[in-house]
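Trainee: Got a structure for you, written out below as structure tokens; questions coming shortly.
Only the coordinates and a few stated rules stand behind these numbers; no lab work does. This structure is a prediction, so every number in the text was calculated from the model and none was measured. Cβ sites come from the backbone with ideal geometry, for glycine too, and all protein chains shown count toward neighbours.
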Amino acid sequence: MLDAQAYFDRVSGHLPGDAATRAESLAAAEKLGLPTRRQEAWHYTDLARLLGMAADDRIDAIDFSAIDPLMALFEGGKLIGKPAANGLTLQPFEAASAGDDAMRNYNAALAQDGLNVEIDGQLARPLLITTSGSNAMHLHHKIKLANGAKAVLVDNHMSAAYTNARFDIALGEGAELTLIRSQQAGHQVNLSQVELARAARFKSVALVSGGALARYEAQIKFKAEGAHAELHSAVLGRDKNHADFTYEIDHQAADTSSNTTAYNVLDYASRGVFQGKVIVRQDAQHVDAQMQTRAMMLSDGAEMDAKPELEIYADDVACAHGSAIGELDRDALFFLRARGLDEASARHLLVAGFIEQVLAHIDDTALADVLRGLLAQKITAQFADAEAA
């Protein structure tokens with residue numbers, strides 16, 4: 001990881017906001033230090049080691065023209081161009097203050113820019129955030145949906161560098177947000193904090209198909225009844241890729257629901273991590289929280305760590321979790337081979353079908369097809385490398 005103090009001394013004069021406040025955040029981060037495996041939330045992710053690890057980052061072009069998106073491009077940590085549409089208000093970037101978490105504090109101290117938007121009504125076109133560049137980036141996005149607002153947000157991470165990204169998301173009463181994520185490269189530490197008001201709905205679908213490190217942490221808070229959240233993730237692991245999805249799903253209100261699924265396909269020496277903690281508060285009766293993880297292991301050198309948790313203080317709830325880890329189905333492979341498919345095509349079909357269970361949660365067919373196309377490229381390249389080895 002970069003020398004944060006030296007980096008701050010070099011760039012602080014060019015960062016927006018109050019330099020003294022940023023310096024306080026940096027001092028707080030340096031005092032805490034990088035998270036270590038002694039911290040429960042980071043038990044399976046040795047951040048210092050992973051940030052020093054190189055990876056063969058393959059970035060494939062993605063054609064989003066089929067969804068005609070509004071564009072927000074972050075190149076080298078700065079917003080290039082400003083999306084404009086009815087119902088979308090772009091606010092000035094605001095730096096955050098210090099907190100009690102090292103990575104948040106590094107972000108507060110070093111954030112160069114971020115998308116700060118308020119959405120009112122139904123956004124007619126998806127909002128696409130593309131992150132690219134070869135230098136370290138620190139981004140802080142703030143997304144606020146007014147009562148009844150609806151939007152689709154696509155987070156397209158294509159940077160081969162280190163990125164510390166933070167998303168603060170607030171959904172008003174009856175608001176609906178779908179967040180689609182794709183990471184192909186780089187070392188990314190990503191934190192999303194989401195608050196849902198009465199009857200708000202939040203859906204996240206993530207595809208990690210590359211990068212040395214993908215660490216996605218989400219903190220979901222249900223503030224009033226009727227709110228619903230879905231968190232779906234898919235990982236296609238190769239080389240020594242490390243993908244960590246860590247969730248805290250906090251049902252603070254009654255009559256709320258959540259559904260979490262994670263599908264990992266792990267090859268070579270890649271590693272998948274899923275930590276999902278559901279909290280049901282004492283007065284949060286009639287909560288329905290479901291959590292399932294699945295992993296397909298393609299190599300003896302791959303590893304999957306799954307730790308689902310339920311912390312329940314109410315007595316009238318329907319909460320459950322499950323986990324399954326296994327190899328590629330040899331019977332299914334034989335079935336496809338018996339019907340004329342070569343082994344590479346059969347394996348491709350089985351892997352794509354496994355991850356399709358996540359992509360099927362994307363309601364926009366054109367957007368889902370974009371990610372299916374990317375997935376097909378990644379699977380083809382992965383199996384081609386295996387044959388050449």
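Trainee: Say we join alpha carbon atoms closer than 10 Å with springs in a Gaussian network model of the chain; which of 317, 287, 273 then has the biggest fluctuation?
Mentor: 317
Trainee: How high is the relative contact order of region 4-388? Use alpha-carbon pairs under 8 Å, at least six apart in sequence, and give a whole percent.
Mentor: The normalised contact order for region 4-388 reaches 10 percent.
Trainee: Let me ask something else about it. Output the Kirkwood hydrodynamic radius of region 231-381, Cα pairs only, in Å rounded to one decimal.
Mentor: Result for region 231-381, one decimal place: 16.8 Å.
Trainee: Considering the convex hull of the alpha carbon atoms of region 94-162, report its projected area averaged over all viewing directions, in nm², one decimal.
Mentor: Averaged projected hull area, Cα only: 5.5 nm².
Trainee: For region 1-80, what Kirkwood radius comes out of the mean inverse Cα-Cα distance, in Å?
Mentor: Value: 16.5 Å, from the Cα pair sum.
Trainee: While we're on this one: Within region 90-228, what percent of beta bridges assigned by DSSP are antiparallel, to the nearest 5?
Mentor: About 0 percent, rounded to the nearest 5.
Trainee: Next up: What do the square roots of 5 times the Cα gyration tensor eigenvalues come to for region 122-184, in whole Å, largest first, as semi-axes of the equivalent ellipsoid?
Mentor: For region 122-184, the semi-axes come out at 26, 12, 7 Å.
Trainee: Please give me, ordered by residue number, the chymotrypsin sites (Phe, Trp or Tyr not before Pro) of region 312-389 that lie in loop per DSSP and have at most 13 other Cβ atoms within 10 Å.
Mentor: Here the sparse-neighbourhood loop sites are 313.
Trainee: Mind computing the radius of gyration and Dmax over the alpha-carbon atoms of region 237-294? Å is fine for both.
Mentor: Cα radius of gyration and Dmax of region 237-294 are 14.9, 46 Å respectively.
Trainee: Let me ask another. Rank 90, 228, 348 by how far each Cα sits towards the positive end of the charge dipole of the chain (+1 on Lys, Arg Cβ; -1 on Asp, Glu Cβ) and give me just the farthest.
Mentor: 90
Trainee: Could you list 132, 204 so that the one with the fewest beta carbons within 10 Å of its beta carbon is first and the one with the most is last?
Mentor: Ordered by Cβ neighbours within 10 Å, fewest first: 132, 204.
Trainee: Let me ask something additional. Looking at the chain, identify the longest residue range that excludes and avoids all trypsin sites (Lys or Arg not before Pro) in DSSP loops having at most 15 other Cβ atoms within 10 Å.
Mentor: 39-338
Trainee: Under 5 Å between amide hydrogens, which residues at least 5 positions from residue 162 or on another chain qualify, with H placed 1.01 Å from N in the peptide plane?
Mentor: 136, 137, 187
Trainee: Return the Rg/Rh value of region 248-332, two decimal places, where both radii are evaluated on C-alpha atoms and Rh is the Kirkwood radius.
Mentor: A ratio of 1.12.
Trainee: Let me ask another. Percent antiparallel among DSSP beta bridges with both residues in the chain, to the nearest 5?
Mentor: 5 percent
Trainee: While we're on this one: Measuring from the lowest to the highest alpha carbon on each principal axis, how far does region 1-43 reach, largest first, in angstroms?
Mentor: 36, 19, 15
Trainee: Grab the DSSP H runs of the chain that are 4 residues or longer, score each as -39,500 (n - 2.57), total them, divide by all residues and round the 222 nm result to the nearest 500 deg cm²/dmol.
Mentor: -7000 deg cm²/dmol
Trainee: How big is the convex hull of the Cα atoms of region 4-388, per residue, in Å³?
Mentor: Hull volume normalised by residue count: 138 Å³.
Trainee: Which whole number of Å³ per residue matches the convex hull of the alpha-carbon atoms in region 294-389?
Mentor: 153 Å³
Trainee: Which listed residue (81, 126, 379) has the Cα farthest towards the positive end of the charge dipole for region 4-388, taking +1 on Lys and Arg C-beta and -1 on Asp and Glu C-beta about the Cα centre?
Mentor: 81
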